[in-house]
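The values are calculated or read from the model by the stated rules, or taken from the named source; none is laboratory data. Predicted model, so just to flag it, every value in this text is computed and none were measured. Reconstructed Cβ throughout: ideal geometry from the backbone, glycine too, with neighbour counts over all protein chains shown. Calculation scope for accessible area: heavy atoms of the full protein, side chains included, ligands and nucleic acids excluded. Shrake-Rupley method; radii C 1.70, N 1.55, O 1.52, S 1.80 Å.
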Amino acid sequence: MDFLTGRPPARVAMIGECMVELRHLSPDRLALGYAGDVFNTAAYLARAAAPGAVDVQFVTVTGDDPYSTAMRGRWRDYGVGDALARVLPGRRCGLYLIRTDEHGERTFQHYRGESAARELFGPGQPAAVDEAIAGHDVVYLSGITLSILTGPARVRLLETLAETRRRGGRVVYDGNHRPSGWPSPAAARRAAEQVLAHTDLALPTLDDERQVHGDRDAMACVERLHAAGVGEVAVKLGADGCLVSDGRTARAVPAVPGVRVVDTTSAGDAFNGAYLAVRLAGGAPCAAAEAGCRLAAEVVGSPGALLPPLPCPESDPAL
């Protein structure tokens, strides 16, 4: 599959939710941040891409509370645009808390029942938003995106994905799975299968795919996704790296060895962002996977979902 999009910048629409992140520093002390799986990938795509190579827009709905306002400002710090992010007066953003164990593995507690992002693709979304999304070179979403949408909203999303591809755009899907977001694995599986019918590149994590689809190993996951019509697949395997396939050849790409793990939050999101940056620049899938493993290794060595934003070149006193 060719991800070259002609003259840069490549226009990428990332559909999902950003939330208030509260990370435990101790049992009774918390650090405030803003994150969410698709937004994390957007931030890492903007970080990994060459200057001017991509235009990353985050598609979501926020409230007008102080945290939503601060959150949107943070997107811009990371090079992510908000032109397609609607504001709903009187609503607020969701919240989640992270705990990490002594091995850096994380657990989440989500509080998103009143999140404004649940209005994505709902009856209040202007048709112009769907039209703008479909005009992008790449549209990206995740299983968590699907979990916050109503049934009718998913239908509208699928129509937008189909229109994106009709116009020559590509659809990228990460089956990121949070069991608490679904009534059952079967419900998650049905929703995922509908999106996979419109997907060009899948970036799943094997542990998630086992829970939802019952894949016994990475190769079984690759074969199932190709059978569903997905042209390119990179299955993330944590400390074992990933398996990349273009439908003709499957190759294992190892993880970076000897990494000290502090916090695994957002490792997969970082992999996805770097992978997309390389593919959009015309790099091969294996080179993209290697870049993804390198950035993921950097991320797991730091606490929280996001590395600090890179300084703007114009603010560098050395320039």
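A compact table of results
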item	result
Test: R224 is over 21 Å from G247 (Cβ atoms), open to solvent by 20 Å² or more (accessible area, probe 1.4 Å), in a helix (DSSP H, G or I) and in contact with a helix residue (DSSP H, G or I) (Cβ under 9 Å, 6 or more places away or on another chain)	no
Residues that are open to solvent by less than 10 Å² (accessible area, probe 1.4 Å) and either among the hydrophobic types (A, V, I, L, M, F, W, C) or closer than 10 Å to F121 by Cα (or both), drawn from segment 133-148	I133, A134, V138, V139, L141, L146, I148
Any hit, segment 108-129, residues being part of a strand (DSSP E or B) and without any contact (Cβ under 8 Å) to a residue 24 or more places away in the chain	yes
Residues that are touching a helix residue (DSSP H, G or I) at 6+ places or on another chain (Cβ under 7 Å) and modelled with pLDDT of 95 or more, drawn from segment 89-120	L120
Lone unmet requirement of (1) among the hydrophobic types (A, V, I, L, M, F, W, C); (2) more than 26 Å from V139 (Cβ to Cβ); (3) part of a helix (DSSP H, G or I); (4) at pLDDT 95 or above for A239	(4)
Counted residues, segment 159-177 - those being crowded, with 23+ Cβ neighbours inside 10 Å and of a type in the set (D, E)	1
Top-ranked residue of segment 70-117 - restricted to ones that are basic (K, R) and in contact with a strand residue (DSSP E or B) (Cβ under 8 Å, 6 or more places away or on another chain), ranked as nearest to A239 (Cα to Cα)	R106
Qualifying residue in segment 43-54 (condition: among the hydroxyl-bearing types (S, T, Y), touching a strand residue (DSSP E or B) at 6+ places or on another chain (Cβ under 7 Å), part of a helix (DSSP H, G or I) and open to solvent by less than 20 Å² (accessible area, probe 1.4 Å))	no
Residues satisfying the stated conditions in segment 245-262, i.e. open to solvent by less than 40 Å² (accessible area, probe 1.4 Å), touching a Cys at 6+ places or on another chain (Cβ under 6 Å) and closer than 13 Å to A218 by Cα	V253
Yes/no for R156 being open to solvent by 50 Å² or more (accessible area, probe 1.4 Å), charged (D, E, K, R) and touching a residue at least 12 places away in the same chain (Cβ under 8 Å)	no
Count of segment 79-118 residues which are under 20 Å from G268 (Cα atoms), among the aliphatic types (A, V, I, L, M) and surrounded by fewer than 12 Cβ atoms within 10 Å (Cβ to Cβ)	0
Positions within segment 30-42 being hydrophobic (A, V, I, L, M, F, W, C) and either part of a loop (DSSP other than H, G, I, E, B) or touching a residue at least 60 places away in the same chain (Cβ under 8 Å) (or both), in sequence order	L30, A31, A35, V38, A42
Selection count where residues are open to solvent by 20 Å² or more (accessible area, probe 1.4 Å) and within 28 Å of V155 (Cβ to Cβ), scope segment 193-207	5
Restricting segment 263-298 to residues that are of a type in the set (A, V, I, L, M), part of a helix (DSSP H, G or I) and more than 14 Å from the chain's Cα centre (by Cα), the residue that is surrounded by the fewest Cβ atoms within 10 Å (Cβ to Cβ)	A287
Per-region count, segment 227-244, residues surrounded by fewer than 20 Cβ atoms within 10 Å (Cβ to Cβ) and in contact (Cβ under 8 Å) with a residue 40 or more places away in the chain	1
